[in-house]
């Protein structure tokens, strides 16, 4: 079970308090009390259920590029999906994943906001790629 009725606001809190609030909100979304293997297991289940959605097919190449710039290893798509729940992206991924859970289609605005957030973290060699 997942909590799709949260107001995700950790990004409005500076410093360590914001990080603590992020971790709390992620656990609330996953309906967990503490960090353990259940965190990644529940996110993996979401990936398995929604990996073929058109919006995810638009997002995944961008998160792949983001990760490739930071980790020089081949990483599976489900691990890339996990990155969408990291501090940098969870607040923009949350409305999309809530749509999936509630069996609705995410808006283009939400999908584009996630893509734009990912793109803002990518170091482009040629600025025209943006």
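General remarks:
- When 16, 44, 38, 48 are screened for being modelled with pLDDT of 95 or more, out of contact with any helix residue (DSSP H, G or I) (no Cβ under 9 Å at 6 or more places or on another chain) and assigned to a helix (DSSP H, G or I), only 16 passes.
- Comparison of 75, 63 shows that the only residue that is farther than 27 Å from residue 21 by Cα and surrounded by 12 or more Cβ atoms within 10 Å (Cβ to Cβ) is 75.
- Any hit, the stretch 92-105, residues being more than 10 Å from the chain's Cα centre (by Cα), assigned to a helix (DSSP H, G or I) and either over 26 Å from residue 27 (Cβ atoms) or at pLDDT below 95 (or both): no
- Where residue 88 falls short, out of the listed (1) out of contact with any helix residue (DSSP H, G or I) (no Cβ under 6 Å at 6 or more places or on another chain); (2) outside any helix (DSSP H, G or I); (3) surrounded by fewer than 15 Cβ atoms within 10 Å (Cβ to Cβ); (4) modelled with pLDDT of 95 or more: (3)
The values are calculated or read from the model by the stated rules, or taken from the named source; none is laboratory data. Just so we're clear, the structure is a prediction, and the values are computed from it rather than from any experiment. As a convention, Cβ positions derive from the backbone with ideal geometry for all residues, glycine included, and neighbour counts pool all protein chains shown.
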